[in-house]
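For reference, the structure is listed below as structure tokens.
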Amino acid sequence: MELFSYSLRKLATGIPLIIGVTLVSFLLMVYFGPDKTFELVGKNPTQEQIDEIRAQLGYDQPMVVRYLDYLREIVTLDFGNSESTGERINALLARTIPVSIAVALPGFILGNLLGVGLGLLAAFYRGRWPDKMIMGSAAIGMSISFLIVIIAFQIILSSSYGLNLFPVRGWSVDSFGDYVSYVTVPTLATVFVALGYNTRFYRSVIVEETTRDHVRTARAFGVPSLQLYCKLILKNCLIPIITRIMFSIPFVVISGSLLIESYFGIPGIGKVTYDAIITGDQPILKAVVALTAIMLVVVQLLTDIMYRWVDPRVSLK
Amino acid sequence: MNAAAEELDPVGLSDAAPESLWTKGLYKFRRDRVGMWSFAVVLLYVGIALGVWLGFWATGWADLAGGKWEPVSGAHWFGTNIIGQDIFDRAIYSTKTSFEVGLVVAVLATALGAILGAIAGFFSGSWLDELILWLMGVLDSIPFLLFVAAIAYTLQSIPEISKYSMHIAMIVTFWITAGRLVRGEVIKLKEMEYVDAAHALGVPEYTIIFRHILPNTAHILLVQATITFVAAIKSEVILSFLGLGVKDSMSWGLMISESSQEVLAGFFNNFLAASVLLFGLVMAFNLFSDALQDALDPRTVAD
Amino acid sequence: MSSPLLQVEELRKYFPIRGGLLRGVKAQVKAVDGVSLVLQPGQTYGLVGESGCGKSTLGRSIIRLYEPTAGKVMLDGADITHLSRNEMLPYRERMQMIFQDPYASLSPRRTVSQTLREPLDIHNKGDRDTRDKRVRELLDVVGMSQRALNRYPHEFSGGQRQRIGIARALALNPRLIIADEPVSALDVSVQSQVLNLVADLQREHGIAFLFIAHDLAVIQHVSDRIGVMYLGKIVEATDSQTLYAHPKHPYTRALLSAIPLPEPGRKRSRIVLGGDVPSPANPPGGCPFHPRCPDAMDRCRTEIPAPRELGTPAAPHEVSCHLYD
Amino acid sequence: MAEPLLRVRDLAIEFDTQYGTVRAVDGVSFDIYPEETVGLVGESGCGKTVTGLSLLGLIPKPPGRIAAGSIEFGGRDLATASEEELRTIRGSEISMIFQEPMTALNPVFTIGNQMADVLARHKGLTDSQARTEAIEMLGRVGIPSPARRVDEYPHQLSGGQRQRVMIAMALSCNPKLLIADEPTTALDVTTQAQVLEQINKLQEEFRMAVILITHDLGVVAETCQRALVMYCGKVAEQAPIEELFAQPRHPYTAGLLSSIPRIREDRPEHLPIIAGRVPDLLHLPAGCRFAARCERALDRCQTEQPELGEKTASAACFNPVPV
């Protein structure tokens, strides 16, 4: 019950964020955005034709009404139809979001697990050669553009100039084998790029924790190193770790990996968003923005609840 | 003159020149070999970019100087692209583009973050802080690429500015990291007793913020500026690749975009030239930034 | 008797604890809860108590680093409790502060001369040359060499930094200095150096001090009058000799007996208090000291003792304790 | 006299800094006998804490290391012992408590959990045995309602109580030696009195030796039988308490004793002071480290380093204060 009322209050405090995000994107995309009337009407249009198109696009309504319409769409979770294909946006999301999750999830999990593991290892050997090796590799990994990684991995793993092990592009989940063959290269690329950043972040969090007084106490009472790092220190580091992981979830789920999906031609939400950006398909963009903001508010709530679960000093107030 | 006076000094100060924290930081940086090497590489890139800017080299980046996909030769060091432009010139020219984006975004985003972060931190808990925090939260919640596209939309009608829509989008999103860092630091610093002392002397609030507090975050800002520089360069490449970035000019992102079809046909020069130059700059800058951070870390500098 | 330099009447400073959805005030931390004191020109009032008793908050409320919640602060007979930042400016010349932490009280990126010139600049004292001269003079007064001028704080030891902080407070020739634990962060051998300096300033420049400390041994050397604070209230106040010779309040007695003496073999009957200082957010009812008091009676649990005058008009001795009712 | 429990000889501890190597402790020797309380006194930076940490191999390395000397304890040399060996000793035969009770305990585990962990490791107790034992120990150090407190987290306790928990944890395996590093410095005077009383009482009950590291000569006078005064990485003087306070031989000890602020019946115009400041460890003088601040310094003091004698009461000084 306490949890429930806390959740309600927390969600309520998310409203200004949602309003802010929608307002900013509405102002940019719609208020200051391009007038699409003349893209849609034919040559030498009559005034009636123009008016009809404008009414269809809602341009005849005042801006305030159009923004309130947007808010109504969010509350009812009904974002209308795509301007370019006419497809129901809800159907579009239901079709593409699972694809995006399927593409991004393995890389996301692996990238963070390996990041924590390597971060622990580097922190444990701080200043000695395993640390230098890991951090050196992380610096190299961080310095290679995502784009280059994708192209290079495609050449090396998927093209006839390299190992030619996986399909060049495309997507299929007809069988588990298909899934593996299509998801491997995107996953490897994601892990490669994320690992450098993650390892650095997790190592610095862990190293910071090792300088705390309670770690010296633990050593003064004979706690073995393995237990010290994997239990005592790690539990104290969970708050920044959880924060980092949780807050990247909305961007992984809703906007997907736009670059990966458009490069590999994977029909996920990222590709849809990219196409919508290129064609200026506002209803889709508005839906993506709104959903990201809502997800962030929910994630914030979940994160707070998880904080209490890992740190007794945090209370739900 | 009081009794407990001069006797205190004999073992006091050394005769060496006064040392600021910067002098100490410089001393430490000089002894960091990786830092010095990476700094040298960064300087090399700066030289290249300056040369392009002054018109010393890579002036022919847009000329059709040869045939399609010519291999590496004395005339074309990295060969030519699909329409016969010199890849070496184009790659060198792109260095200037990168620095332009990197410097503009790093300087302006860090400055904006410093000012807004300092104000939010100093007045933490007030409506001003709430407003700035809300703005940070909002801008952080809009997917980056969408934001760039939206800004580009908005500025379409103003041609003089529209070619900077990428810069503006980056500044508007990248200041947030600096802003949060500075805000956190200022919240800590404003509790320091030297700030109380300034209040007790009647120093005006904005003088306290900008003369007493903000200079003590300078090391954070400098490091954050280098990090933003790298982020801007990397984003520029991806945005240009996606067609949302540089137009009417040359950039490594555009070269990679050109090459994405070529590589499947087995022509790698465009891709390699852009990637290697980009990697070199980003790597050198990352290492430089790390060394700078170590050198300016007050925990090790102060004692 | 001359007119008082500083008069504090029933001063209160409450800090709100916020919580809930609209961040309403859920509770109050009563850091300073109705304190009155009077300080004559050139005198030193020692304020002593354990951490969390509100002594620092009191000092900071007097110099308006905190906005007092209620009560009155009068400097030279003028009420300064609610003056605006600008109106306060002329009073800041007369009242300055020195701080506890010699590592935090000087801005690390400003040289000694920049730090010492600032008060003169803010208050428009003289021209360039007179300001330069004044800065050199200040270093002299606190016993530092002129070589310190262009150096940064981190090049100095704790004791030297504390001297620079004192020089900054002296720059405007104040009549009152609030010293918030100025020696507690220093090593023993340096503490005495700074205490001697404070005593000299008091004697030679006629500056009055409100000297805040947790250590009864430190405060004795500089104070004319001493007030003992517990949970936001002054529980006993009298002149220095009387307090050490005839402490009345059970808390003062416990505090005195708890000081470890550097005299081995001298066995004393020590009053060891039970428990810890309660949180000022949730103070006990009645006398705030009753849960730890060895002499607590029934009425102490319910009734807050009022200050009682036990001394003479010439040597006042105020105690807030039911034992003396 | 009995065999010493701990025998430290010529201990030297170095730290690498960016400006060069610093010897924080330089040639320190002392013995600790069973069941005695010895004070290790000095001002900040004199090397007292580092000496304490080195006894358990807790010097952070890098940048620190034991550069020379031996620490004999129970037939082993702790200065050269392996990490495994040290681990079996830490918290069981030698325990240590620290200055900052607020941060010394792990904030995300209950105090019972942290205590039980020590008991399980060193005494091989099961979880429920360890818990019972932990509750008993909490009671013995004067924590009210220990059975309830055992399941609380450190942030729910006050500073004084946390320090008691640390003491309970330190004594739970009956150590032969307790190293207490400024255990009451962060506490208020009235709480300090409680905690010192508790340490004295427990020392008798547990029959252990205590090394009390502190800057407060008052605390030493009230709790120790012997003391070593450290200055700038060296022992300046060692003596039984009564002797040390009544007749300090080293001018530094004498200066320190007279400069302590204490309650006096008559107020002197000036408190006695030690002029000058402690020399920088990077630029140590060739002779006695106190010479530049010393009123009794001879020519010889500027060039030659005085040695501490072997006797239980001795001062490292060429011109000691006459008795």
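The values are calculated or read from the model by the stated rules, or taken from the named source; none is laboratory data. Owing to the predicted nature of the structure, the values given are computational and were not obtained by experimental measurement. Neighbour counts are summed over all protein chains in view; Cβ atoms, including those assigned to glycine, are modelled from backbone coordinates with ideal geometry. We work out accessible area using only protein heavy atoms, side chains counted, and drop any ligands, DNA or RNA first. Shrake-Rupley method; radii C 1.70, N 1.55, O 1.52, S 1.80 Å.
Hey, does the range A:3-25 have a residue that's outside any helix (DSSP H, G or I) and open to solvent by 40 Å² or more (accessible area, probe 1.4 Å)? Within the range A:3-25, none of the residues are outside any helix (DSSP H, G or I) and open to solvent by 40 Å² or more (accessible area, probe 1.4 Å).
For the range A:292-317, filtered to residues that are within 14 Å of chain D (Cβ to nearest Cβ) and buried (at least 16 other Cβ atoms within 10 Å of the Cβ), the residue that is farthest from A:F247 (Cα to Cα) is A:P312. Of the residues in the range D:300-315, not one is modelled with pLDDT of 90 or more, among the hydrophobic types (A, V, I, L, M, F, W, C) and assigned to a loop (DSSP other than H, G, I, E, B).
Screening the candidates A:V183, A:V223, A:V191 for the property of being out of contact with any His (no Cβ under 6 Å at 6 or more places or on another chain), within 14 Å of chain D (Cβ to nearest Cβ) and open to solvent by less than 40 Å² (accessible area, probe 1.4 Å) yields one hit, A:V223. Selection over the range C:130-153 of residues that are among the acidic types (D, E) and more than 10 Å from chain B (Cβ to nearest Cβ) gives a count of 2.
Against the definition (more than 19 Å from B:S260 (Cα to Cα), over 23 Å from the mean Cα position of the chain (by Cα) and open to solvent by less than 30 Å² (accessible area, probe 1.4 Å)), how does A:T217 come out, yes or no? In short, yes.
Among the residues of the range A:269-291, none qualifies, meaning not one is in a helix (DSSP H, G or I), away from chain B (no Cβ under 14 Å) and open to solvent by 30 Å² or more (accessible area, probe 1.4 Å).
Applying the criterion of at least 1 residues that are within 9 Å of another protein chain (Cβ to nearest Cβ) to the helices (runs of 4 or more DSSP H) found wholly in the range D:108-155 leaves D:111-123. Contact map, the range A:209-224: residues that are at negative phi paired with residues that are open to solvent by 20 Å² or more (accessible area, probe 1.4 Å) and hydroxyl-bearing (S, T, Y), Cβ distance under 6 Å, separation 6+ or inter-chain. Pairs shown: A:D213/D:T103.
If I filter the range A:117-167 down to residues being touching a residue at least 24 places away in the same chain (Cβ under 8 Å) and in a loop (DSSP other than H, G, I, E, B), which single residue comes out as farthest from the other protein chains (Cβ to nearest Cβ)? Ranking the qualifying residues of the range A:117-167, first place goes to A:R126.
Just one of the listed residues (D:H283, D:H270) is of a type outside the set (D, E, K, R), more than 7 Å from every other protein chain (Cβ to nearest Cβ) and without any contact (Cβ under 8 Å) to a residue 60 or more places away in the chain, namely D:H283.
Look at C:S269 and say whether it is out of contact with any Pro (no Cβ under 8 Å at 6 or more places or on another chain), open to solvent by 10 Å² or more (accessible area, probe 1.4 Å), among the hydroxyl-bearing types (S, T, Y) and closer than 22 Å to C:H317 by Cβ. Against the criterion (out of contact with any Pro (no Cβ under 8 Å at 6 or more places or on another chain), open to solvent by 10 Å² or more (accessible area, probe 1.4 Å), among the hydroxyl-bearing types (S, T, Y) and closer than 22 Å to C:H317 by Cβ), C:S269 does not qualify. Could you please let me know if C:T69 is open to solvent by 10 Å² or more (accessible area, probe 1.4 Å), of a type in the set (S, T, N, Q) and within 30 Å of C:Y251 (Cα to Cα)? So C:T69 fits the description; yes.
Does any residue of the range A:28-37 turn out to be within 14 Å of another protein chain (Cβ to nearest Cβ) and loosely packed, with under 14 Cβ neighbours inside 10 Å? Looking through the range A:28-37, at least one residue is within 14 Å of another protein chain (Cβ to nearest Cβ) and loosely packed, with under 14 Cβ neighbours inside 10 Å. Tell me yes or no: at least one residue of the range D:243-250 is open to solvent by 60 Å² or more (accessible area, probe 1.4 Å), assigned to a loop (DSSP other than H, G, I, E, B) and modelled with pLDDT of 85 or more. Yes, because at least one residue in the range D:243-250 is open to solvent by 60 Å² or more (accessible area, probe 1.4 Å), assigned to a loop (DSSP other than H, G, I, E, B) and modelled with pLDDT of 85 or more. Remark: pairs (first residue in the range C:244-273, more than 27 Å from C:C287 (Cα to Cα) and in contact (Cβ under 8 Å) with a residue 40 or more places away in the chain; second residue part of a loop (DSSP other than H, G, I, E, B) and of a type in the set (D, E, K, R); Cβ separation under 7 Å; 6+ apart in sequence or on different chains) are absent. A single member of C:S84, C:S105 is of a type in the set (G, A, S) and touching a Gly at 6+ places or on another chain (Cβ under 6 Å), and it is C:S105. Only helices (runs of 4 or more DSSP H) whose full extent lies in the range D:159-236 are considered here, and the ones with at least 1 residues that are over 28 Å from C:S51 (Cα atoms) are D:159-171, D:189-206. Taking residues in the range A:10-30 that are under 16 Å from B:F147 (Cα atoms), and partners anywhere that are polar (S, T, N, Q) and in a helix (DSSP H, G or I), the pairs with Cβ atoms closer than 6 Å and at least 6 places apart or on different chains are A:V21/B:S141; A:L28/B:T154; A:M29/A:Q282. Residues considered: D:L58, D:L53, D:L78. Of these, the only one that is under 24 Å from A:R128 (Cβ atoms) and out of contact with any helix residue (DSSP H, G or I) (no Cβ under 7 Å at 6 or more places or on another chain) is D:L53. Return yes or no: is C:E87 of a type outside the set (S, T, N, Q), surrounded by fewer than 19 Cβ atoms within 10 Å (Cβ to Cβ), at pLDDT below 95 and under 21 Å from C:E9 (Cβ atoms)? Spelling it out, C:E87 is indeed of a type outside the set (S, T, N, Q), surrounded by fewer than 19 Cβ atoms within 10 Å (Cβ to Cβ), at pLDDT below 95 and under 21 Å from C:E9 (Cβ atoms).
Annotation for the range C:140-151: no member residue is outside any loop (DSSP other than H, G, I, E, B), of a type in the set (D, E), closer than 19 Å to B:L201 by Cβ and open to solvent by 40 Å² or more (accessible area, probe 1.4 Å). Considering only residues in the range B:247-272 that are open to solvent by less than 10 Å² (accessible area, probe 1.4 Å) and small (G, A, S), the one that is nearest to B:A149 (Cα to Cα) turns out to be B:G253. Against the list (1) more than 12 Å from every other protein chain (Cβ to nearest Cβ); (2) modelled with pLDDT of 80 or more; (3) open to solvent by 70 Å² or more (accessible area, probe 1.4 Å), the condition B:V46 fails is (3).
The single condition among (1) within 14 Å of chain A (Cβ to nearest Cβ); (2) open to solvent by 20 Å² or more (accessible area, probe 1.4 Å) that B:V138 does not meet is (2).
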